[in-house]
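One structure is given here, and the rest of the page talks about it.
The values are calculated or read from the model by the stated rules, or taken from the named source; none is laboratory data. Model, not experiment: these values are computed from the prediction. Reconstructed Cβ throughout: ideal geometry from the backbone, glycine too, with neighbour counts over all protein chains shown. Each accessible area value is taken on the protein alone, full model and side chains, heavy atoms only, with ligands, DNA and RNA left out. Shrake-Rupley method; radii C 1.70, N 1.55, O 1.52, S 1.80 Å.
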Amino acid sequence: MERELALEIVRVTELAALASAPWMGRGDKNSADEAATLAMRAMFDSVSIKGTVVIGEGEMDEAPMLYIGEEVGNNEGPEVDVAVDPLEGTEIVAKGLNNALSVIAVANKGNLLHAPDMYMEKLAVGHALVGKVSIEDPIDVTIRKAAAELNKNISDLTVMILDRDRHESIIKTLRKVGVRIKFLSDGDVAGAMAPAFPEAGIDIYVGSGGAPEGVLAAAALSCLGGEIQGRLMPANADEFQRCLKMGISDPYRVLTMEDMIGKEDVIFAATGVTPGEILGGVRYLADDRAETHSIVMRVKTKTIRYIRTQHFLPGKEVLHKVRKAQAAEESEEASGLKQQAKVQKEENLAESLKEPVQEQVKESLKKG
């Protein structure tokens, strides 16, 4: 892959972040996700790739765009697999919390795992623990191994985990062994990346999250020199069969970095939507400008670029198109609601008139 592609990809995540940021704290995660997806899809048209989405918003019948199997790019560059999460942390944006990202990973065709949309058990670590811990060990054993390798007291280790009921047993064990725990409300990709950034203060990321997010995290960690191990968690026979159909012959085996992203080059880009441990969020400035904070990395060179960009918003045609499209949808929805209300009002009126008429008929029959 050409190195110029890295900067083309980060332009896509920037626009997706800018499109979704206005929805921060407004309690509407679907509109925030839709805005990011519309912007990302439109920006891909200017990227010089023959791309196929292998991890996206869902199947073709579930997602109108950026669906699995969709072709993206201007069809003029290399053939690549594309993994996207236009808004990683929809609930985060809706609630105005931290660590929401717009994320893309690109690899040579045939290298990215076609991860089914289900849970994946994960263990992510930074450079110092690569090859030193195993997802197959009980969590208390993993903690002891990590403390020894890092030359730390167990009480000085910090473990990050999603704050979910399904993690109750793990959390109980973590508290018993005495590590510090940092809970994550959402944002599985950012959480798995955190151990690779010393400034984040996270030693290990554990727990289950989305399998597609696991592949995106693997792409990031491969550039950062970290590691993630995963294991799919099919919840029923249908999910098990789905794994088989997607080419995963043993859904319960441990997935390595190579299983998830292959052995060739990978480019990863992310732009912060809301502030987090790794990236700042979209910040609105005077004079119709907004600032974004992004990271773009490549496995081949291990180069890590932090990009701080000021955008002149009136000049972003894609943003205007996204807002216009969403405004039209809102207007159409409002019109539909008004029509529903009118019909309901007429039905209620007709129902209210039934009783007097029925009473009149009864009185007439009595007199007759």
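Details
- Residue satisfying all of: in region 125-144; of a type outside the set (Val, Ile, Thr) and more than 17 Å from Arg180 (Cβ to Cβ); least open to solvent (accessible area, probe 1.4 Å) among these: Ser134
- Matching residues in region 267-300 - criterion: being touching a Phe, Trp or Tyr at 6+ places or on another chain (Cβ under 9 Å) and open to solvent by 20 Å² or more (accessible area, probe 1.4 Å): Glu277, Ile278, Asp287, Asp288, Arg289, His293, Arg298, Val299
- Among the residues of region 230-241, the one identified as touching a helix residue (DSSP H, G or I) at 6+ places or on another chain (Cβ under 6 Å) and surrounded by fewer than 22 Cβ atoms within 10 Å (Cβ to Cβ) is Pro234.
- Check on Glu227, open to solvent by 20 Å² or more (accessible area, probe 1.4 Å) and modelled with pLDDT of 95 or more: yes
- The set of residues in region 301-327 being open to solvent by 100 Å² or more (accessible area, probe 1.4 Å), in contact (Cβ under 8 Å) with a residue 40 or more places away in the chain and touching a strand residue (DSSP E or B) at 6+ places or on another chain (Cβ under 9 Å) consists of Arg305 alone.
- Tabulated pairs, region 11-27, first among the β-branched types (Val, Ile, Thr), second in a helix (DSSP H, G or I) and open to solvent by 10 Å² or more (accessible area, probe 1.4 Å), C-beta under 8 angstrom, 6+ apart or interchain: Val12/Met43
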